[in-house]
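Participant: Dumping the structure here so I can ask a few things about it.
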Amino acid sequence: LDSINAKSLHTKSERTCSIDRGKHKAVCKIAILGFGTVGSAVARILAEHAPDHLRLIHICNRDVNRKKVDWIPPQVQWTERFNDVLSSDADVIVELIGGLQPAEDWIRCALLAGKSVVTANKQVIADCGPELLNLAKQRNCRLAFGAAVAGGVPVISAIQDGLAGDEISKICGILNGTCNYILSEMGDSGATFTTALVEAQKRGYAEADPREDIDGLDARAKLAILARIGLHAKVCTTRIFCRAISAIEPVDFEFAKQLGCTIRQVSTAELNKGVLFAAVQPALVALSSPFGLARGSQNIVVCTGKFGGETTFQGLGAGGNPTAVAVVSDILAMAANTNVSSNGVSPSHDISPRVSNDFVTSHYVRFSTSHTMRAVSALVKALETSKINVGSVLANRSRSSKFSAVTVQACTPSALQKALKQGRPSDIFQFYRIIPILN
Ligand SMILES: NC(=O)c1ccc[n+]([C@@H]2O[C@H](COP(=O)([O-])OP(=O)(O)OC[C@H]3O[C@@H](n4cnc5c(N)ncnc54)[C@H](OP(=O)(O)O)[C@@H]3O)[C@@H](O)[C@H]2O)c1
């Protein structure tokens, strides 16, 4: 057995940096592409805390002169040409420039050259992760992306390795720190969406153009990756339903509070009878639940398995240092020649399910009316005709407010919308918001 292991280790190590030669590990040479928030934090860890066998040799960034800092060892070469990195003897290329291009091309070139790649790039991995993993396999090198989802929370390796023995049916999470900051700020201080967004931008939690976050596109890419690794479901990101958080108003938090709830951007992927129910949207969550308690850039991922029940992972989902920890952990796993979990993905076993956002769940419905009693009884009647039950009628605490709200018991959003459309006496009220309530 020992000789078989030794043989397979030797074969594996031909192109990696991880040959364990007795007591002395071979040096693993690393090049970083992108010296921004995460890239500089990775470089700092490698410069100050890394074990001897990890050696940073190149840093590549456009207009590189303005990036140079004195704490990087003088042996490290700064360059603005990717080809310098590609033709170097780097074993691992760490892609941290972000975006689809040229990141995708650079990752592909690195793998084709037999160099292993570590990336935090959710867009590239959501778009062509399985194809790049196959390429890595063909070229006998590795691709790891532990930082691409939930930043510093090692949820990818936890799902792939720690929960490998279970059959996961559902993954639900808070995956975007910007939205979480804005919604927790609105819930805590009563701020409007715009005020909370401006505050998030001032504090560096939100980009100048925050649409990727606010509209749910960032969380959607992460959810597609989680669905792939946890549910073995191939899903094109654009097929995942997204609803922006910008439509949420302070009055929604007031009503939610009456139900013991608050509002968060929740990403859910659930496999049921061959259909993948997937969505990124604002949802009512219990104030005392892990989702309700999450603040700022905290991310949470809850996995539900057939045998192991619910397992929750939680921690800092963004920021240079937490994300750099995930990146350096992937580098260390490669250098130790341990099974970097992302290489365990087996695209051949993945399914391509129908994708739907028609989850059966209870809902909160907010509307405006000048005749609350008449409106509620008309609403109850309309919903009952469609066999949808009203759960509770929420009190309007402010006399000046024109809004009222009800909750309805479990139904699909499509059935609810149809019932509301059919039975809507538009002279009495107008619907403003339908938000799912997650238990
Ligand atoms: N920041 C986080 O909290 C976080 C968390 C999880 C994952 N991530 C992921 O980590 C990656 C990096 O994010 P980041 O926040 O570090 O981004 P960032 O601060 O914008 O850093 C990107 C760096 O790459 C450089 N760059 C961009 N395009 C380039 C090109 N074509 N050629 C050469 N250099 C280029 C940029 O140079 P300039 O200075 O000229 O712009 C910048 O220094 C992204 O994929 C992101 O999604 C980030």
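Participant: Can you tell me which residue among ALA256, ALA244 is crowded, with 22+ Cβ neighbours inside 10 Å and more than 16 Å from the ligand (Cβ to nearest atom)?
Facilitator: ALA256
Participant: Something else now. Might you check whether a residue that is within 20 Å of ILE248 (Cα to Cα), loosely packed, with under 14 Cβ neighbours inside 10 Å and without any contact (Cβ under 8 Å) to a residue 24 or more places away in the chain occurs anywhere in segment 399-409? Give the steps one after another, and end with the answer.
Facilitator: Within segment 399-409, the first condition is being within 20 Å of ILE248 (Cα to Cα), and the residues that meet it are 400-408.
When the remaining residues are screened for being loosely packed, with under 14 Cβ neighbours inside 10 Å, the result is 400-401.
From what's left, without any contact (Cβ under 8 Å) to a residue 24 or more places away in the chain: 400.
Within segment 399-409, one or more residues are within 20 Å of ILE248 (Cα to Cα), loosely packed, with under 14 Cβ neighbours inside 10 Å and without any contact (Cβ under 8 Å) to a residue 24 or more places away in the chain.
Participant: Out of THR11, THR37, THR16, I need the residue that is β-branched (Val, Ile, Thr), open to solvent by less than 50 Å² (accessible area, probe 1.4 Å) and modelled with pLDDT under 95. Which one?
Facilitator: None of the others qualify; the one that does is THR16.
Residue-by-condition table, conditions (1) at positive phi; (2) assigned to a strand (DSSP E or B); (3) surrounded by fewer than 18 Cβ atoms within 10 Å (Cβ to Cβ):
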position	(1), (2), (3)
ILE32	no, yes, no
ALA41	no, no, no
ALA47	no, no, yes
ALA50	no, no, no
ILE57	no, yes, no
ASN65	no, no, yes
VAL69	no, no, yes
PRO74	no, no, yes
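Participant: Please go through segment 36-83 and give me each residue that is near the ligand (Cβ under 8 Å from one of its atoms) and among the aromatic types (Phe, Trp, Tyr), ordered by number.
Facilitator: If the condition is that a residue be near the ligand (Cβ under 8 Å from one of its atoms) and among the aromatic types (Phe, Trp, Tyr), then PHE82 is the only one that fits.
Participant: Please specify each residue of segment 303-332 satisfying the condition of being open to solvent by less than 20 Å² (accessible area, probe 1.4 Å) and more than 16 Å from the ligand (Cβ to nearest atom).
Facilitator: Passing the criteria: CYS303, GLY305.
Participant: Also, I was wondering about something else. Looking at this structure, is THR361 modelled with pLDDT of 85 or more, touching a Gly at 6+ places or on another chain (Cβ under 9 Å) and over 30 Å from ARG142 (Cα atoms)?
Facilitator: no
Participant: Whether any residue in segment 128-142 is within 16 Å of the ligand (Cβ to nearest atom), in contact (Cβ under 8 Å) with a residue 40 or more places away in the chain and among the hydrophobic types (A, V, I, L, M, F, W, C) is what I want to check.
Facilitator: No, there is no match, as no residue in segment 128-142 is within 16 Å of the ligand (Cβ to nearest atom), in contact (Cβ under 8 Å) with a residue 40 or more places away in the chain and among the hydrophobic types (A, V, I, L, M, F, W, C).
Participant: Restricted to segment 198-241, and to residues that are small (Gly, Ala, Ser) and out of contact with any strand residue (DSSP E or B) (no Cβ under 9 Å at 6 or more places or on another chain), which residue is surrounded by the fewest Cβ atoms within 10 Å (Cβ to Cβ)?
Facilitator: The residue in question is ALA208.
Participant: Follow-up. Before we move on, is ILE182 touching a Gly at 6+ places or on another chain (Cβ under 7 Å) and at pLDDT 95 or above?
Facilitator: no
Residues checked against (1) within 24 Å of the chain's Cα centre (by Cα); (2) of a type in the set (Asp, Glu):
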{"position": "ASP70", "(1), (2)": "no, yes"}
{"position": "VAL76", "(1), (2)": "no, no"}
{"position": "PRO102", "(1), (2)": "yes, no"}
{"position": "VAL117", "(1), (2)": "yes, no"}
{"position": "PRO154", "(1), (2)": "yes, no"}
{"position": "LEU163", "(1), (2)": "yes, no"}
{"position": "LYS170", "(1), (2)": "yes, no"}
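Participant: For the structure I just gave you, tell me whether LEU394 is open to solvent by less than 20 Å² (accessible area, probe 1.4 Å), modelled with pLDDT under 95 and more than 22 Å from GLU270 (Cα to Cα).
Facilitator: Here the answer is yes, as LEU394 does meet what is asked.
Participant: With the condition kept exactly as written, say whether any residue in segment 257-266 is under 18 Å from ASP127 (Cβ atoms), part of a helix (DSSP H, G or I) and not hydrophobic (A, V, I, L, M, F, W, C).
Facilitator: No, that holds for no residue.
Participant: Could I ask something else about it? Tell me which residues, restricted to segment 84-103, are within 11 Å of the ligand (Cβ to nearest atom) and not aliphatic (A, V, I, L, M).
Facilitator: Within segment 84-103, GLU95, GLY98, GLY99, GLN101, PRO102 qualify.
The values are calculated or read from the model by the stated rules, or taken from the named source; none is laboratory data. Since this is a predicted model, take the numbers as computed values, not measurements. In this analysis, Cβ positions are derived from the backbone assuming ideal geometry, glycine residues included, and neighbour counts consider all displayed protein chains. Quick note on the areas: whole protein, heavy atoms, side chains included, nothing else; ligands and nucleic acids left out. Shrake-Rupley method; radii C 1.70, N 1.55, O 1.52, S 1.80 Å.
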